[in-house]
1. Please go through segment 66-106 and pick out each residue that is surrounded by 16 or more Cβ atoms within 10 Å (Cβ to Cβ) and among the small types (G, A, S).
2. Given the criteria closer than 30 Å to F63 by Cα and either among the small types (G, A, S) or touching a Cys at 6+ places or on another chain (Cβ under 8 Å) (or both), does A204 qualify?
3. Does segment 236-250 contain at least one residue that is surrounded by fewer than 19 Cβ atoms within 10 Å (Cβ to Cβ) and not aromatic (F, W, Y)?
4. How many residues are loosely packed, with under 15 Cβ neighbours inside 10 Å, within 23 Å of V91 (Cα to Cα) and among the small types (G, A, S) when one looks only at segment 288-314?
5. Would you check if R109 is basic (K, R) and either buried (at least 21 other Cβ atoms within 10 Å of the Cβ) or touching a His at 6+ places or on another chain (Cβ under 7 Å) (or both)?
6. When segment 223-279 is examined, which residues are found to be acidic (D, E) and under 13 Å from V85 (Cα atoms)?
7. E285 passes all but one of (1) of a type outside the set (A, V, I, L, M, F, W, C); (2) out of contact with any Gly (no Cβ under 9 Å at 6 or more places or on another chain); (3) surrounded by fewer than 21 Cβ atoms within 10 Å (Cβ to Cβ); which number fails?
8. Which of the residues belonging to segment 58-78 are in a helix (DSSP H, G or I) and either under 19 Å from V302 (Cβ atoms) or not hydrophobic (A, V, I, L, M, F, W, C) (or both)?
Amino acid sequence: MFNLFAIVDTLPALPWWAWTGFFVFITGMLMLDLGVFQKEAHEVKMKEALSWCVVWFTLALAFNGLIWWWQGPHPAQQFLAAYLVELCLSVDNVFVFILVFAYFKVAPRYQHRVLFWGIIGAVIMRAVFILVGVSVIARFHWILYVFGAFLVYTGIKMALPSKEEVDVDPDHNFAVRLFRRFFPVTQKKHGGDFFIKENGRFLATPMFIVLIVIETTDLVFALDSLPAVLAITRDGFIALTSNIFAILGLRSLYFALNGVMRLFRYLKVGLALILTFIGVKMLIEHWVELSIAVSLGVIAGVLTTSILLSVLIPEKK
């Protein structure tokens with residue numbers, strides 16, 4: 001059984017200002033995003049979404065440069081590799097967001113607000129998962145082989161053609177059914193509000209149900225994310241910061257890719273190859289050690305190739 005002190009003991013011995021400075025910066029950016037740029041609910045257009053994609057990507061690269069200057073090239077390469085993998089995994093999140101918003105008929109002007117709070121929940125979940133995962137690996141090294149086998153299985157399953165669709169029906173969602181059992185929910189939409197007060201009591205709106213569905217689906221994606229990032233680095237600070245930077249750019253990625261997802265149809269195959277490669281790397285690391293530079297080259301090469309193939313090979317009618 002693990003406690004907070006056991007987890008803290010496994011974290012890298014970084015000065016307190018490193019952790020504090022990172023989270024203060026991220027909090028400030030989120031407040032600036034929601035409180036200034038998204039103060040009024042509006043539909044996020046392609047130009048705005050691409051601008052924010054560039055902002056978050058630039059911030060991630062700048063942070064990567066800071067790590068290179070502060071800790072050297074090896075941790076910086078680990079951060080970049082982990083960030084690229086998490087960015088690839090985010091594409092699957094985008095696909096689910098599209099299905100969820102279409103199913104619940106969420107107006108485009110309110111989608112950003114739902115995703116904002118969904119991302120906050122995702123950041124908290126990823127932080128807990130990664131820090132606990134680092135602690136578990138530090139104590140039980142054999143768990144790496146379990147993670148590796150899981151990634152290989154996930155990669156192969158992702159590469160195989162499947163007719164299964166993601167189930168976003170709230171009646172099939174355990175968290176939604178549990179919430180409805182203890183809290184009243186109105187069926188009437190109230191704009192972007194999550195809760196309203198009616199006849200002296202608080203009611204949850206359908207928008208809050210959408211948020212629960214978004215959070216629970218991200219919980220599933222976090223299970224893939226955890227072994228993938230810990231296969232690249234066991235440094236809790238690198239793993240956590242790379243993951244958070246990828247998650248924070250997820251909203252902008254959704255608005256940029258929504259409507260053109262089909263143009264990147266080979267990206268899923270590329271992601272499957274990347275996950276399989278990382279899984280195999282974990283399984284053989286006791287006998288064959290692949291440097292982080294090699295891993296970074298494979299990840300970047302597969303990602304670039306899958307995007308180029310998606311663009312160059314026309315889709316069959």
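What follows is calculated from the coordinates using simple rules that are stated; it is not laboratory data. Values in this document were obtained by computation on a predicted structure and should not be read as measured data. With ideal geometry, Cβ positions are generated from the backbone for all residues, glycine too; neighbour counts draw on all protein chains shown.
1. Within segment 66-106, A76, A81, A82, S90 meet the criteria.
2. Taking the combined requirement at face value, the residue does not satisfy it.
3. No; the residues of segment 236-250 include none that is surrounded by fewer than 19 Cβ atoms within 10 Å (Cβ to Cβ) and not aromatic (F, W, Y).
4. 3
5. So R109 fits the description; yes.
6. The answer is D224, and nothing else.
7. (2)
8. Answer for segment 58-78, where residues must be in a helix (DSSP H, G or I) and either under 19 Å from V302 (Cβ atoms) or not hydrophobic (A, V, I, L, M, F, W, C) (or both): T58, N64, G65, Q71, P73, H74, P75, Q77, Q78.
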